[in-house]
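The values are calculated or read from the model by the stated rules, or taken from the named source; none is laboratory data. Since we're looking at a predicted model, the values are computed, not measured. We place every Cβ from the backbone using ideal geometry, glycine too, and count neighbours over all the protein chains shown. Remember, those area values only see protein heavy atoms, side chains included, never the ligands or the DNA or RNA. Shrake-Rupley method; radii C 1.70, N 1.55, O 1.52, S 1.80 Å.
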Amino acid sequence: MSSMAEEKSLSDITAQNSATRQWVTFRLDNETYGIGVLRVREVLRMTDITPVPGAPASVEGIINLRGVVVTIVDGRRHFSLSPKAVDQDTRIIIVDLDDESMVGIVVDSVSVVVDLADTDIDLVSGVGSDDSSKYIHGVANRNDDLLILIDLDKLFDKSDLSIEGSDDLF
């Protein structure tokens, strides 16, 4: 009985010492994804996007965001999902890649911000194809729904978003 009490107190201590992070959740197709809230600059309604000749297939184009040119990536194309018409729920999530650059991701909808303890996140490796699994930081169960947490540093390699004859879009 004493060991049971010790186990409980150890798990309580582990839970108390576990960091909690916030994740902005969004939908693409029938899946729910999350991006660390500290990397999200803002969420925009869909707007006119200017195409860029020679850009990679997943790059939809660029927008002018209060005087700053931002590259916009189609989330569906980037994850090799079938296209979907823009509707009233379509959003652009503007994320910081580093101190100097940001990118926008077109998603089907933005849901809520969720709090997840590090202990709630299962780190994964080898899930899905090599191309898709390299972007996944981990997964978490949230209200009987699987939440796929994205590693932005792996999702957006600047060399993947370069334009022919140019250094990059950023």
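For R45, what is the net charge nearby, where nearby means another residue's Cβ is under 12 Å from its Cβ and Lys, Arg count +1, Asp, Glu -1?
Working: positive: R91; negative: E42, D48, D87, D89.
Value of the local net charge: -3.
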Set the Förster radius R0 to 45 Å, insert the Cβ-Cβ distance between E100 and R142 as r into 1/(1 + (r/R0)^6), and round the FRET efficiency to 0.05. 0.85
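Of the accessible area of region 18-98, with the probe set at 1.4 angstrom, what percent is carbon plus sulfur?
Numbers: 2120 of 4310 Å².
Carbon and sulfur: 49 percent of the exposed surface of region 18-98.
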Using a 7 Å offset from the Cα along the Cα-to-Cβ direction at both V112 and N64, what is the distance between the two label points in nm, to one decimal? 3.9
Which residues' amide hydrogens lie under 5 Å from the amide hydrogen of D151, considering only partners 5 or more residues apart or on another chain, with H built in the peptide plane? I136, H137
